Amino acid sequence: MFKSLIQAVFPSFVDQDFIPDYVSFERGRSLSKAEQYIAEKLASAGDVQADKRVNTNPFYDYLFGDSKKANSQDQLSLYVASKLAEVLYDPTDVLNALPIKPNSLVKVMSLIGSAEFDLSELLTVIEQEPSMAAEIIKLANSTRYKRGSKEVTDLNKAFMYMGAEGLKAGVIEVHLKRFASSSNLYFKLFGEKIWAHSLNSATYAQQLALKSLPKEQAPSMYLVGLLKNLGDMVIFQLMIDAFKYVDPDAKPDSEHFKILMAENSHKLTVLIAKHWQLPQHLIEVLIELGKDESQFSDEAKCIYDASNISEYCLMLKAKRITEAKLLDLQHKTKASVQAIELAKEILDEAA
């Protein structure tokens with residue numbers, strides 16, 4: 001996905017027959033500013049209070065696996081992380097290297113956003129991308145939308161089941177899923193985890209919205225919940241391409257990459273949402289999520305709580321935390337009463 005960008009970032013590896021030999025390649029090289037920055041962050045990481053890291057390190061440990069101690073990190077991981085940090089400092093090149101701006105996404109948003117949209121025009125837009133149409137029909141046949149035993153085989157029937165908002169969510173899901181896939185087994189496992197988190201966050205946000213917000217806002221909350229982790233997924237793809245190019249056998253389980261994601265994910269999510277010309281009200285909620293929780297609107301609080309519930313539930317399922325820890329959400333994250341109720345409901349269903 002980012003092959004050309006990665007080749008520009010790592011010019012010393014441009015020879016495709018090159019066998020990575022990091023020791024000889026890096027001998028005598030001084031640390032870049034980005035590497036110095038990451039090294040300083042690692043050195044100070046132990047001074048950060050645990051409750052301030054609840055949404056970064058514990059969940060990233062679940063996604064990537066436990067990291068080695070900072071002072072034993074391999075230099076190749078530090079080098080790759082630092083080069084990607086330089087790219088993300090000004091992510092213009094990342095935005096330009098994204099897959100062709102999804103015209104179907106922009107058009108579907110525009111059509112559904114109008115007071116009276118033409119259904120035939122809407123379906124024509126989706127039909128112009130066969131893979132998109134196939135994925136939408138597949139979604140319409142999922143347990144989330146399907147009613148009855150008859151299989152959905154065309155877009156008209158899919159629309160009947162999914163509705164306008166369901167189609168909008170479906171188009172976004174299809175595009176976002178591209179950022180969570182990989183043929184490499186190690187990366188595939190991470191991609192599946194981050195995608196499950198995105199879907200859970202979206203589902204829980206919609207459920208919380210139905211409990212605490214006007215019902216008509218629930219579909220929008222689903223979309224924001226789905227988009228919230230877009231920055232993580234794009235950085236993940238950058239890492240896949242970088243290691244595929246530099247050293248295919250390396251596993252980025254180091255603290256460097258967790259810091260890279262924690263520092264850059266939110267900013268990148270907002271920039272991509274703007275780049276894709278998503279509805280302004282969705283972008284505004286995404287922007288809010290980068291502020292202090294005390295400044296959240298009801299919509300941002302809904303997304304924040306939904307994401308936390310998803311993180312805790314996934315870590316609980318993986319036995320990285322206890323049930324008591326999940327139910328301690330109210331104390332640790334000042335979750336709403338509705339969020340605590342939803343967390344308990346999820347636990348009861350899983351029991």
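The values are calculated or read from the model by the stated rules, or taken from the named source; none is laboratory data. From a predicted model like this one, the values you see are computed outputs, not experimental measurements. Here Cβ is always computed from backbone atoms with ideal geometry, including for glycine, and neighbour counts include all displayed protein chains.
Asn200 fulfils the conditions (1) touching a residue at least 24 places away in the same chain (Cβ under 8 Å); (2) farther than 26 Å from Ile309 by Cα except for a single criterion, (2).
Rundown of residues vs (1) farther than 25 Å from Ser182 by Cβ; (2) of a type in the set (Asp, Glu); (3) touching a strand residue (DSSP E or B) at 6+ places or on another chain (Cβ under 7 Å), yes/no style:
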position	(1), (2), (3)
Ser265	no, no, no
His275	no, no, no
Ser297	yes, no, no
Glu311	no, yes, no
Lys317	no, no, no
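Let's see how each residue does on (1) touching a residue at least 12 places away in the same chain (Cβ under 8 Å); (2) closer than 30 Å to Tyr79 by Cβ; (3) not basic (Lys, Arg):
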{"position": "Arg178", "(1), (2), (3)": "yes, yes, no"}
{"position": "Ser182", "(1), (2), (3)": "yes, yes, yes"}
{"position": "Lys193", "(1), (2), (3)": "yes, yes, no"}
{"position": "Ser212", "(1), (2), (3)": "yes, no, yes"}
{"position": "Pro219", "(1), (2), (3)": "yes, no, yes"}
{"position": "Leu223", "(1), (2), (3)": "yes, no, yes"}
{"position": "Leu238", "(1), (2), (3)": "yes, yes, yes"}
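Selection of first residues in region 255-282 that are on the phi > 0 side of the Ramachandran plot and of second residues that are in a helix (DSSP H, G or I) and modelled with pLDDT under 90, restricted to Cβ pairs under 8 Å at least 6 apart or on distinct chains, gives the following pairs, ordered by first then second residue: Gln277/Val106; Gln277/Met109. Within the set Gly225, Gly231, Gly191, Gly290, the sole residue that is surrounded by fewer than 18 Cβ atoms within 10 Å (Cβ to Cβ) and under 23 Å from Tyr62 (Cα atoms) turns out to be Gly290. Checking each residue in region 198-222 for being buried (at least 24 other Cβ atoms within 10 Å of the Cβ) and either over 18 Å from the mean Cα position of the chain (by Cα) or at pLDDT below 90 (or both) picks out Leu208, Ala209. Among the residues making up region 293-305, those that are crowded, with 19+ Cβ neighbours inside 10 Å and free of Cβ contacts under 8 Å to residues at least 40 places away in the same chain are Ala300, Lys301, Tyr304.
Pairing residues of region 139-165 that are crowded, with 16+ Cβ neighbours inside 10 Å and hydrophobic (A, V, I, L, M, F, W, C) with residues that are assigned to a loop (DSSP other than H, G, I, E, B) and at pLDDT below 85, at Cβ distances under 7 Å and at least 6 apart in sequence or on separate chains, gives Leu139/Tyr145; Ala140/Lys146; Val152/Lys146; Met162/Tyr145. Being under 22 Å from Lys177 (Cβ atoms), without any contact (Cβ under 8 Å) to a residue 24 or more places away in the chain and surrounded by 11 or more Cβ atoms within 10 Å (Cβ to Cβ) is the filter here, so list the residues in region 115-133 that pass it. Within region 115-133, Val125, Ala133 meet the criteria.
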